[in-house]
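The values are calculated or read from the model by the stated rules, or taken from the named source; none is laboratory data. None of the values given here were measured: they were computed from a predicted structure. Here Cβ is always computed from backbone atoms with ideal geometry, including for glycine, and neighbour counts include all displayed protein chains. Heavy atoms of the whole protein, side chains included, go into the accessibility calculation; ligands, DNA and RNA do not. Shrake-Rupley method; radii C 1.70, N 1.55, O 1.52, S 1.80 Å.
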Amino acid sequence: MTRMKMGFRWYGEGNDTVALDDIRQIPGVETIVWSLHRKQAGEVWEEAEIAAEIARIEGLTDEHRAKGVTKTFRADVVESVNVHESIKLGKTVLGMSRDEAIENYRVTIERLGQAGVKVVCYNFMPVFDWLRTDMFHPLPDGSTALFYEKAVVDELTPESLIASMNLGDKTGDGALTLPGWEPERLASFQELKEAYVGVTREDMYASYKYFLDAVIPVCEEFDVKLGVHPDDPAFDIFGWPRVVSRKADLARVLSLNESPYNGLTLCLGSFGSNPDSDPVDAVKTFMDRIHFSHVRNIKHFPNGDFTEVAHRACEGSIDTVGIMKAYADAGYDGYIRPDHGRHLWDENRGNTPRPGYGLYDRALGIQYLLGVWDSCRYGD
């Protein structure tokens, strides 16, 4: 029977309000989506670091066994191995040349493949990764969620945005990493801002092809599929060219290197943040190159704002039922995880999670997505 593999993103021991034992009790989860979040873009991942994290994810302690716990996880998917800005720019920046950064990336992919990793997620967004204006926006039911307010972004400068991303106690004790907004990255903003002056979409695609042509042979040799994450949100920010936003962009990225190892992490919430995009159509179009998928829901407003909502299709603007049906009908056997969830119950009162990454709504989302899948695949 063809079987999709459900995963759950985990940020690591001491860097997540959710424990592996919490995730273990969510029916259907078999893969932990992980990373070495303290590593900076351009750094080589050491074999011992990789082995230690995989052992932590896949292992059971004597205490587990004494309690009769037998469920284990796989560590097949890494999200993310970040791409150094020198690779995107095609020139030396932040003290590292493009070729040095690419060689470090190649070594990291090789080591991950040797350790059994099957998919590596990454993105190719310039300067900043994802962007929201409110991390804990109130929803009508009393939960909170990530929110994008267009009028606020229209008035922001990059510098004011950086200042606004100082979340303080909104991420618990302040020690939780916020991928894409690491202090080390933000400290180098002025150099990056100057480096991107005059960079065009065609420049970005040329640098992208150079990267893929150098890295994909290593992916093929060590059986690690690359999946690029769409820009989030899926349109240009501050005039910097984003080249993985629309359907035509996804097609072009795949055409830069025709190897099946060059594929997508099709995040339907990010892709669907552009109201002109059709997430279900994207799933059907790119099915054979989707190595990993994030399924979540957002609700668009006429003024350009959008908010993240529960995974149920009728809650927002993304047809999550149509998405899961498309995957099921095609017999998709790749990896899926629920993406950002609302913050529920005690997560709104003290056990504040990393924005979007609480336990409860992602667990609810998994059951909803698996229910749709089962209804389509029942009897296989």
* To do: Sort through Leu359, Leu364 and tell me the only one that's closer than 14 Å to Ser143 by Cα, more than 18 Å from the chain's Cα centre (by Cα) and at pLDDT 95 or above.
  => Leu364
* When you look at Thr70, is it touching a helix residue (DSSP H, G or I) at 6+ places or on another chain (Cβ under 9 Å), open to solvent by 30 Å² or more (accessible area, probe 1.4 Å), more than 23 Å from Phe211 (Cα to Cα) and free of Cβ contacts under 8 Å to residues at least 40 places away in the same chain, yes or no? -> yes
* **Any helices (runs of 4 or more DSSP H) falling wholly within segment 199-304 and containing at least 2 residues that are surrounded by fewer than 23 Cβ atoms within 10 Å (Cβ to Cβ)** => 201-222, 247-256, 279-286
* Return yes when Val83 is open to solvent by less than 30 Å² (accessible area, probe 1.4 Å), hydrophobic (A, V, I, L, M, F, W, C) and under 21 Å from His294 (Cα atoms) and no when it is not. => yes
* Structure fact -> Within segment 13-53, residues at pLDDT below 95 and either open to solvent by 70 Å² or more (accessible area, probe 1.4 Å) or touching a Leu at 6+ places or on another chain (Cβ under 7 Å) (or both) come out as Glu13, Asn15, Arg38
* Asked: Can you tell me which of Gly316, Gly272 is within 17 Å of the chain's Cα centre (by Cα) and either among the small types (Gly, Ala, Ser) or closer than 15 Å to Asp232 by Cβ (or both)?
  -> Gly272
